[in-house]
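Colleague: My structure is below; once you've seen it, I'll send some questions.
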Amino acid sequence: MATKVLMEALSPTMEEGRIAQWLKHEGDTVTTGDVLAEVETDKAVMELQARADGVLRKVLVGDGQTAEVGSLVAVIAGADEDIGDLGAAAPKSKPEKQPETQATPAAASPTAAPAAPAAPPSGDAAGERIKASPLARRVASERGVDLAAVSGSGPGGRIIKRDVESAVPAATGAARAGWADEGYEDVPLSQLRKTIAKRLTQSLAPIPHFFLTAEFDMERAVEAREELNARGDVKISVNDIVIKAVAAALRQHRACNAWWQDDHIRYFNDVHLSMAVAVEEGLITPVIRHADRKSLREIATEARALAERARARKLKPEEYTGGTFSVSNLGMFGIDEFTAVINPPEAGILAVGALTPKPVALDGTVTVRRRMRVTMSCDHRVIDGATGAQFLQTVRLMLENPLAIVW
Amino acid sequence: MATITYRDALNQALREEMERDPNVFLMGEEVGVYQGAYKVSRGLLEQFGDRRIVDTPIAELGFAGVGVGAAMVGLRPVIEFMTWNFALLAIDQVVNSAAKMLYMSNGQIPMPMVFRGPGGAALQLAAQHSQAFESWYAHIPGLKVVAPATPYDAKGLLKSAIRDDNPVVFLEGEMLYNVKGEVPDEEYTVPLGSADVKRPGKDVTLICHSKTVAVALKSAERLDGELGVDAEVLDLRTIRPLDVPAIVESVQKTNRAVIIEEGWPFCGIGAQVVDEIQREAFDYLDAPILRVTQADVPMPYNKQLERAAKPHPEQVIDAVRRVAYLD
């Protein structure tokens, strides 16, 4: 059986060895332990010994040539034994170091154009590198500024942060084109979205809206809430108190608790308050029935349950129809004040802003109070200015003096 | 809060730690009867006696080795080198014995010791006695390297160094010993490995330590007055372990940095700091980081040349002009 003679690691750090001289030659008979060749390692000249008995049939790495550790340098076999391909095996020899370096230009043949840099815009269209500081690049990418359009004021034309900052915040047209190029998505209207669209168009266009804005002092209401929450198991929100106050006020102002019915106005004796709830698809207005007759705890519990059912899309039609007035609260989004669109056939909606500590003049001194701005949208066909204003006056009384709710 | 010198702050730290722990002792040339070449150990021989304040022959390698041996058997030696220039004779004990002992004994042999003394240039002490060696020691795993700039930091850091269970190289400064500053009356320590903002600013970070903190502060003042540049001065205080988060936080704020050190530029502390910044705060940089160092020459003896070779505010201001693109 043929035995391969490999370049051995003759020192701990040896990676390749140079055959200084073969002491045995092709055709010589060798015995295990015979010195086949002298090998120059990184440290010294060492002996490469035979590991088998037989005839040195083939020498693949000649005198003066170098072979990597572990590579085939010769073959020992029986005198007439077939050594197959072994003798022809391409030796991993390196006579000089040329073959390796020659290989490099060959690999970089004209077809292998320099790979396009994977990194983001380090060059402009002409392929010329744009010099920009790392910070300038980051700011540019955050603001959508094209560095190719920015001239650098730093050394050698380097674009620095101030250049990007003073650049036109992206050619807006180009940016839009960019978005268009990124494609778009046509989303079919969900039934809910269709209903929102239809009902709100029915609202704003044909209904002659007008708006009344007021700012309430909420200190006492908030204090009352904190006190109640400290005792009770049901947590009451500011919005629950607003709902309760609006419901109680509507009880006193039936003129605002009404529906426009084209040829007549329907005034309700009961107060059913619609509350706007944001859901994934849009919004829906579940109704708290007889809100004026319910305790704050009942309103809080019901409002939470309805909101949860609304978000889960589990409301039954009777749960989101039949409201007589609406409350919409965007305070949790930090909105100070806004105008809401009337939810027809109701005649009014109260848009509630965020509770905000503000400096106010009180008893001749400036003090910080928690204030809240509300805007009432009114259907002028049903509610006149003074009517709405009087209603808001009552809401104010109730929110600023919570005891007035049960007065 | 009392205003005392850096020298007396070190003296207080030594005294307090020796009172606190009977295993702490001070050894070095002239530390006892002469009360220290720079009077850092004033009064200590009288208070603690010659078993704990040990005068040695002029034999740095020998007494550094005695210190290593004492630490190995459980004492907490403080070895004073009259200057770190002389400590070159002892560096085998510092690097090969002290720094390696915990590692090579798998923590079985303790090495809680401090090597301390003045480093860097003073005035006209010439090439052989005017060298800042912090980068040499900071290069060695196993050593902590501390270089305080103020009396407050000097006291707090020396106390932490003495209590630390690792060998600590503590670099003072001949030109710092007379610097005065406020030091609390009550006990305190400054943790090793924490940098300190000596002056907050928003336009550029001046990273410095030891004597260059004063250079940076002076530069910051002039930058503010002359150029309207608001420089932040970050004192590293400890070179190793380096407070990388503090450096990164500052550079993220200012987007540019100039590093000032007493040592030579090649493989200096600033080179290491630059490496950390480019890796950890790359996207925050608006300019290359520049360094101000001692000129890359042996320190000249000639007074004017010496002044020119040391880092000074003009160079810092020039560097800031460049990183802030003011030219």
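Only the coordinates and a few stated rules stand behind these numbers; no lab work does. Owing to the predicted nature of the structure, the values given are computational and were not obtained by experimental measurement. So basically every Cβ, Gly included, is an ideal-geometry build from the backbone, and we count neighbours across all protein chains shown.
Colleague: List the lysines whose Cα sits under 22 Å from the Cα of A:LYS316, skipping any in the same chain fewer than 8 residues away.
Modeller: A:LYS194, A:LYS198, A:LYS294
Colleague: With each pseudo-label sitting 7 Å past Cα toward Cβ, what's the A:ARG193-A:GLU215 distance in nm, one decimal?
Modeller: It works out to 3.8 nm between the two label points.
Colleague: What ³J(HN,Hα) values, in whole Hz, does the Karplus curve 6.51 cos²θ - 1.76 cosθ + 1.60 give for the stretch B:246-256 when θ = phi - 60°, with x put for Gly and Pro?
Modeller: My calculation for the stretch B:246-256 gives 5, 5, 5, 4, 5, 5, 4, 7, 9, 6, 7 Hz in order.
Colleague: Follow-up. Which one, B:GLU187, B:GLU280, B:GLU262, has the greatest fluctuation when you compute a Gaussian network model over chain B with C-alpha springs under 10 angstrom?
Modeller: Evaluated over chain B, the most mobile residue of the options is B:GLU187.
Colleague: Hey, could you grab the Kirkwood Rh for the stretch A:191-406? Inverse mean 1/r over distinct alpha carbon pairs, Å, one decimal.
Modeller: Details: mean 1/r = 0.0570 Å⁻¹.
Every distinct Cα pair counted, the radius reaches 17.5 Å.
Colleague: Something else about it: To the nearest 0.05, what FRET efficiency results for A:LYS235 and A:GLU281 with a Förster distance of 35 Å applied to their C-beta separation?
Modeller: Values: r = 27 Å, r/R0 = 0.78.
So the FRET efficiency works out to roughly 0.80.
Colleague: Another question, then. Please give the direction-averaged projected area of the C-alpha convex hull for the stretch B:196-323, in square nanometres with one decimal.
Modeller: Mean shadow area of the hull around the Cα atoms is 7.3 nm².
Colleague: Pull up all non-local amide H partners of B:VAL145: gap of 5 or more, or a different chain, and H-to-H distance under 5 Å with H placed in the peptide plane.
Modeller: Correct list: B:VAL169, B:ILE239, B:ARG240.
Colleague: Turning to a different aspect of this structure: So for A:ARG158, A:ARG231, A:ARG143, fewest C-beta neighbours within 10 Å to most, what's the order?
Modeller: A:ARG231, A:ARG143, A:ARG158
Colleague: Straight distance only, please: which aspartates and glutamates reach the Cα of B:LYS159 with their own Cα at less than 16 Å, same-chain residues fewer than 8 apart left out?
Modeller: Reachable aspartates and glutamates: B:ASP8, B:GLU16, B:GLU17, B:GLU19, B:ASP21, B:GLU80, B:GLU172, B:ASP185, B:GLU186, B:GLU187.
Colleague: Kindly identify the stretch A:259-308 as rounded, prolate or oblate by the Cα gyration tensor criterion: order the square roots of the eigenvalues as a ≥ b ≥ c, call it rounded if a/c is under 1.5, otherwise compare a/b with b/c, prolate if a/b is larger, else oblate.
Modeller: oblate
Colleague: Please tell me which of these pairs span more than 30 angstrom C-alpha to C-alpha: B:LYS144/B:LYS253; B:LYS39/B:LYS198; A:LYS358/B:LYS202; A:LYS161/A:LYS358; A:LYS235/A:LYS358; B:LYS100/B:LYS310?
Modeller: A:LYS358/B:LYS202; A:LYS161/A:LYS358; B:LYS100/B:LYS310
Colleague: Here is a further query. Putting +1 on Lys and Arg Cβ atoms and -1 on Asp and Glu Cβ atoms, find which of A:PRO359, A:ALA307, A:CYS256 reaches farthest to the positive end of the dipole of the stretch A:191-406.
Modeller: A:ALA307
Colleague: In whole angstrom, note down how far apart the Cα centers of the stretch A:26-56 and the stretch A:352-398 are.
Modeller: Distance between centres, Cα-based: 104 Å.
Colleague: Same structure, new question: Per-residue HN-Hα couplings for the stretch B:149-157, Karplus 6.51 cos²θ - 1.76 cosθ + 1.60 at θ = phi - 60°, whole Hz, x for Gly and Pro?
Modeller: Taking θ as phi minus 60°, the curve returns 10, 10, x, 4, 5, 4, 5, x, 6 Hz for the stretch B:149-157.
Colleague: Over all directions, how big on average is the projection of the convex hull of the alpha-carbon atoms in the protein assembly as shown, in square nanometres?
Modeller: Working: hull surface 228.2 nm².
Here the figure is 57.0 nm², rounded to one decimal.
Colleague: Nearest 5 percent is fine: what portion of the DSSP beta bridges confined to the protein assembly as shown is antiparallel?
Modeller: Values: 65 of 103 bridges.
In the protein assembly as shown, approximately 65 percent of DSSP beta bridges are antiparallel ones.
Colleague: Taking the beta-carbon count within 10 Å as an exposure proxy, list A:LYS244, B:LYS218 from fewest neighbours to most.
Modeller: With the sparsest Cβ surroundings first, the list reads B:LYS218, A:LYS244.
Colleague: Separate question: Rounded to two decimals, what is Rg over Rh for chain B when you use alpha-carbon atoms and the Kirkwood radius? Let's see the in-between values first.
Modeller: Working: Rg = 19.5 Å, Rh = 20.0 Å.
Value, to two decimals: 0.98.
Colleague: Just how large is the dipole of the stretch B:1-141 about the Cα centre, in debye to the nearest 20, putting +1 at every Lys and Arg Cβ and -1 at every Asp and Glu Cβ?
Modeller: Working: 10 positive and 14 negative charges, 35 e Å.
Dipole size: approximately 160 debye.
Colleague: Between A:THR41, B:GLY65, A:VAL234, whose Cα lies farthest towards the positive end of the dipole of the protein assembly as shown when Lys and Arg beta carbons carry +1 and Asp and Glu beta carbons carry -1, centred on the Cα centre?
Modeller: Result: A:VAL234, furthest along the dipole toward the positive end.
Colleague: For chain B, with only Lys/Arg (+1) and Asp/Glu (-1) charged at the beta-carbon, what is the dipole magnitude about the Cα centre, in debye rounded to 20?
Modeller: 300 debye
Colleague: Using amide H atoms built in the peptide plane, which far-off residues or other-chain residues are under 5 Å from B:ARG291 H to H?
Modeller: B:ILE259
Colleague: To the nearest Å, what is the center-to-center distance of the stretch A:126-163 and the stretch B:151-206, using C-alpha atoms only?
Modeller: 41 Å
Colleague: Sticking with this structure for a sec: Rounded to the nearest 0.05, what FRET efficiency do B:ALA127 and A:LEU6 have when you use their Cβ-Cβ distance and R0 = 41 Å?
Modeller: So the FRET efficiency works out to roughly 0.15.
Colleague: Another one. Within straight cross-link reach of A:LYS244, meaning Cα distance under 14 Å, which aspartates and glutamates are found once same-chain residues fewer than 8 apart are removed?
Modeller: Filter leaves A:ASP270, A:ASP292, A:GLU298, A:GLU302, A:GLU400.
Colleague: Here is a further query. Name the residue farthest towards the positive end of the dipole of the stretch B:2-183 from the options B:THR56, B:HIS139, B:ILE91, assuming +1 on Cβ of Lys and Arg, -1 on Cβ of Asp and Glu, about the Cα centre.
Modeller: B:HIS139
Colleague: List, in order, the whole-Hz ³J(HN,Hα) value for each residue of the stretch A:383-399 obtained from phi through the Karplus relation with A = 6.51, B = -1.76, C = 1.60 and θ = phi - 60°; use x for Gly and Pro.
Modeller: These are the phi-based 3J(HN,Hα) values: 10, 8, x, 5, 4, x, 5, 5, 4, 4, 4, 5, 4, 4, 4, 6, 7 Hz.
Colleague: Still on this structure, I have one more. Tell me, A:MET376, A:MET14, B:MET1 in order of fewest to most beta-carbon neighbours within 10 Å?
Modeller: B:MET1, A:MET14, A:MET376
Colleague: Please give the FRET efficiency for B:LYS303 paired with A:GLN49, using the beta carbon to beta carbon distance and R0 = 51 Å, rounded to the nearest 0.05.
Modeller: 0.10
Colleague: Around B:GLU80, which amide H atoms from residues at least 5 apart in sequence, or from another chain, sit under 5 Å from its own amide H, with H modelled in the peptide plane?
Modeller: Amide H neighbours of B:GLU80, under 5 Å, 5+ apart: B:MET27, B:GLY28, B:ARG116.
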